[in-house]
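The values are calculated or read from the model by the stated rules, or taken from the named source; none is laboratory data. Just so we're clear, the structure is a prediction, and the values are computed from it rather than from any experiment. In this analysis, Cβ positions are derived from the backbone assuming ideal geometry, glycine residues included, and neighbour counts consider all displayed protein chains. The area values use the complete protein model at the heavy-atom level, side chains included, leaving out ligands, DNA and RNA. Shrake-Rupley method; radii C 1.70, N 1.55, O 1.52, S 1.80 Å.
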Amino acid sequence: MQKFVIKGGKPLRGSVRIGGAKNAAVAILPAVLLSDEPCVIENLPEISDVTSILKALTSIGAEVKMLSKSSVSIDPRPAKSFTVTKDITKGMRASSYMLGALLSRCNRARVSPPGGCDFGVRPIDQHIKGFEALGAKVIIDNGMVYARAPKLMGASIYLDVVSVGATINIMLAATKAAGLTVIENAAKEPHIVDLANFLNSMGANIMGAGTGVIKIRGVSHLHGSNYSIIPDQIEAGTYMVAAAATGGDVTIENVTPKHLESIVAKLIEIGADVEEFDESIRVSMKSRPKKCNVKTMPHPGFPTDMQPQIAVLLALADGTSIVTEGVWDNRFRYVEQLSLMGADIQVDGKSAIITGVNHLNGAPVKAVDLRAGAAMIIAGLAATGETTVEEIDHIDRGYENLAEKFKSLGAHIERVDDFSEYKVIKNA
Ligand code: EPZ
């Protein structure tokens with residue numbers, strides 16, 4: 001086990017390059033199974049969730065060849081199995097996409113239920129409703145989800161909740177189904193559009209991705225494609241908030257500014273200076289953050305995956321802010337950790353009332369999930385003294401080269417083995 005050791009209190013300065021989007025990559029990699037030919041996927045983030053999906057593809061027989069750290073060639077033709085077991089899926093939500101992809105490829109799929117971050121109950125009833133509407137029979141038995149359809153037929157599907165995962169899984173299952181599928185109340189996140197663009201680049205016929213109604217006219221074959229994944233909206237947002245929380249000045253490169261609008265809007269309200277360029281964003285903060293209320297919502301609302309990070313900034317603000325979680329039942333488990341650093345936060349149901357403090361104090365804390373872990377890193381960078389962040393395997397699921405990237409901005413952060421004597425960071 002490893003942990004991060006941070007000596008905080010230093011404003012971040014410089015520029016940092018954002019990698020490919022985790023939540024697009026984990027959908028696009030299984031989508032390769034729909035192709036009749038090999039595909040090359042570029043701009044992959046170097047994160048453990050990508051490694052896990054590649055393992056899942058290898059485990060069913062696909063030929064996976066890394067061409068560089070961020071590009072992979074996948075030949076789906078040798079993939080004969082339709083079963084993905086628990087040792088592969090544990091700890092990762094996106095393994096559920098193997099269901100839609102295998103159902104499309106083999107007309108059947110047997111996948112262990114997905115893991116992933118703990119935000120309370122994480123049902124997959126809308127995924128199952130979609131598969132059933134397309135003609136599949138779905139059974140959950142002996143810890144496995146089993147889906148089978150003699151023939152997938154297009155259908156009209158109204159999602160009862162706006163679900164990223166259900167929208168993606170239905171897109172995967174419907175791309176080669178016979179006839180027209182209409183997904184209503186679909187999710188609109190940038191990774192949904194990226195998946196549609198990838199599938200269309202292989203010859204699929206998908207319209208409306210990025211709106212609430214997605215129409216998919218089934219095609220019988222998909223050809224190979226060479227595709228580059230979009231930049232990661234949440235990784236970018238995390239560095240933007242870190243710049244503001246440390247009173248720094250950082251240019252975040254290789255981003256799509258359109259995907260960052262809700263985050264930019266809140267940072268400006270909080271008092272940051274934000275300059276937008278074609279593919280980069282500069283964030284600087286010269287004064288104490290101002291209080292601000294934030295409510296998370298599906299895209300284009302403020303992303304739930306940025307909620308813990310913005311809460312750290314507001315924990316340092318002048319005044320009291322309210323952060324309301326509009327997507328998940330329980331995404332405030334990090335508050336207890338932040339309180340150990342001196343934050344003043346009361347959680348009341350789906351809202352957190354944050355009374356800003358002058359400074360946070362370094363402390364031993366843990367990453368209770370992926371974005372909570374990112375929030376602890378930001379808190380450690382902004383705090384006075386030393387912070388250790390444990391259980392960082394959560395962070396490794398979604399942030400590539402995190403210590404190196406923050407170090408390039410002047411941060412004092414080291415990844416060290418948890419049980420060895422760690423290096424004392426000097427001059428911090
Ligand atoms: C995706 O999770 C992301 N994961 C999450 O990001 C993100 O927090 C979430 O979307 C919301 O934006 C991936 O893309 C791999 P949902 P997902 O289905 O698809 C309810 C991160 O930090 N729901 O959109 O699992 C559900 O309980 C991760 O990168 C149902 O009721 O989320 C929740 O309240 C963590 N039934 C809401 O919908 C269902 O069948 C949204 O969930 C499915 C979902």
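Confirm whether Ser73 is open to solvent by 10 Å² or more (accessible area, probe 1.4 Å), of a type in the set (Ser, Thr, Tyr), within 13 Å of the ligand (Cβ to nearest atom) and within 24 Å of the chain's Cα centre (by Cα). No. The residue of region 140-169 that is farthest from Lys86 (Cα to Cα), among those that are open to solvent by 50 Å² or more (accessible area, probe 1.4 Å) and of a type in the set (S, T, N, Q), is Ser156. Inside region 175-190, can you point out the residues that are in a loop (DSSP other than H, G, I, E, B) and open to solvent by less than 10 Å² (accessible area, probe 1.4 Å)? Within region 175-190, Thr175, Ala177, Ala186, Ala187 qualify.
Counting the residues of region 99-112 that are in contact with a strand residue (DSSP E or B) (Cβ under 9 Å, 6 or more places away or on another chain) and either within 12 Å of the ligand (Cβ to nearest atom) or open to solvent by less than 30 Å² (accessible area, probe 1.4 Å) (or both) gives 8. Restricting attention to region 225-263, the residues that are small (Gly, Ala, Ser), within 19 Å of Lys69 (Cα to Cα) and in a helix (DSSP H, G or I) add up to 0. Would you confirm whether any residue within region 19-39 is modelled with pLDDT of 95 or more, among the basic types (Lys, Arg) and open to solvent by 10 Å² or more (accessible area, probe 1.4 Å)? Yes, some residue in region 19-39 is modelled with pLDDT of 95 or more, among the basic types (Lys, Arg) and open to solvent by 10 Å² or more (accessible area, probe 1.4 Å). For region 145-166, the criterion of being out of contact with any Phe, Trp or Tyr (no Cβ under 9 Å at 6 or more places or on another chain), more than 12 Å from the ligand (Cβ to nearest atom) and on the phi > 0 side of the Ramachandran plot is met by no residue.
Results for (1) hydroxyl-bearing (Ser, Thr, Tyr); (2) touching a strand residue (DSSP E or B) at 6+ places or on another chain (Cβ under 6 Å); (3) open to solvent by 70 Å² or more (accessible area, probe 1.4 Å); (4) in the same structural domain as Pro45 (by TED's automatic domain parsing), shown as yes or no for each residue.
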| position | (1), (2), (3), (4) |
| --- | --- |
| Pro257 | no, yes, no, no |
| Glu275 | no, yes, yes, no |
| Pro298 | no, no, no, no |
| Pro308 | no, no, no, no |
| Ser321 | yes, yes, no, no |
| Gln337 | no, yes, no, no |
| Ile353 | no, yes, no, no |
| Asn358 | no, no, yes, no |
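Among residues of region 344-366 that are in contact (Cβ under 8 Å) with a residue 24 or more places away in the chain, those with a beta-carbon under 9 Å from a residue that is in a loop (DSSP other than H, G, I, E, B) and among the hydroxyl-bearing types (Ser, Thr, Tyr) at least six positions away or on a different chain give the pairs Val365/Tyr334. In region 231-251, the residue that is farthest from the ligand (Cβ to nearest atom) out of those that are hydroxyl-bearing (Ser, Thr, Tyr) and buried (at least 24 other Cβ atoms within 10 Å of the Cβ) is Thr246.
State yes or no: is Asp318 closer than 23 Å to Gly9 by Cα and free of Cβ contacts under 8 Å to residues at least 24 places away in the same chain? It is false that Asp318 is closer than 23 Å to Gly9 by Cα and free of Cβ contacts under 8 Å to residues at least 24 places away in the same chain.
Residue-wise test of (1) more than 13 Å from the ligand (Cβ to nearest atom); (2) in contact with a helix residue (DSSP H, G or I) (Cβ under 8 Å, 6 or more places away or on another chain).
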position	(1), (2)
Gly301	no, yes
Pro308	no, yes
Ile322	yes, no
Asp329	no, no
Ile354	yes, yes
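Assuming Lys137 fulfils every condition listed in (1) over 18 Å from Asp125 (Cβ atoms); (2) surrounded by fewer than 16 Cβ atoms within 10 Å (Cβ to Cβ) apart from one, which condition is it? Only one criterion is unmet by Lys137, namely (1). Against the definition (touching a strand residue (DSSP E or B) at 6+ places or on another chain (Cβ under 8 Å) and within 15 Å of the ligand (Cβ to nearest atom)), how does Glu132 come out, yes or no? It is true that Glu132 is touching a strand residue (DSSP E or B) at 6+ places or on another chain (Cβ under 8 Å) and within 15 Å of the ligand (Cβ to nearest atom).
Inspection of region 120-130 identifies at least one residue that is open to solvent by 50 Å² or more (accessible area, probe 1.4 Å) and in contact (Cβ under 8 Å) with a residue 40 or more places away in the chain.
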